[in-house]
Amino acid sequence: MAKKSLKLTLDKSNIMSMNGLRTADIECCSGALWVTGGEGDMILSAGERKRIRVDGKLIIEGRAERSSICIGHF
């Protein structure tokens with residue numbers, strides 16, 4: 001299966017969710033993000049990248065005025 005990616009910006013307290021994922025590569029390009037999936041809760045700050053195992057649903061919340069995120073999933 002080909003890898004796909006998504007880039008977006010979240011304002012503070014805005015939430016996005018994605019269903020049906022097994023693994024996700026998450027990069028916080030600016031701001032800060034709260035991320036939860038199969039590995040529990042975590043905070044990512046600007047410049048941090050994490051590959052996480054997702055338990056079907058990934059939830060991300062913007063924790064700064066504007067947070068940029070890039071998500072790769074497969």
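Among the residues making up the stretch 30-57, those that are closer than 20 Å to residue 67 by Cβ, in contact with a Lys or Arg (Cβ under 8 Å, 6 or more places away or on another chain) and in contact (Cβ under 8 Å) with a residue 24 or more places away in the chain are 30, 31, 32, 33, 34, 35, 54.
The set of residues from the stretch 1-29 being under 14 Å from residue 65 (Cα atoms), in a strand (DSSP E or B) and among the charged types (D, E, K, R) comprises just one member, 11. With respect to the conditions (1) surrounded by 15 or more Cβ atoms within 10 Å (Cβ to Cβ); (2) closer than 20 Å to residue 4 by Cα, residue 33 lacks only one, and its number is (2).
Read the figures in this text as sums done on the coordinates, not as results from a lab. What you see is a predicted model; the values in this text were computed from it and never measured. Positions of Cβ are backbone-derived with ideal geometry, glycine not excepted, and every protein chain shown enters the neighbour counts.
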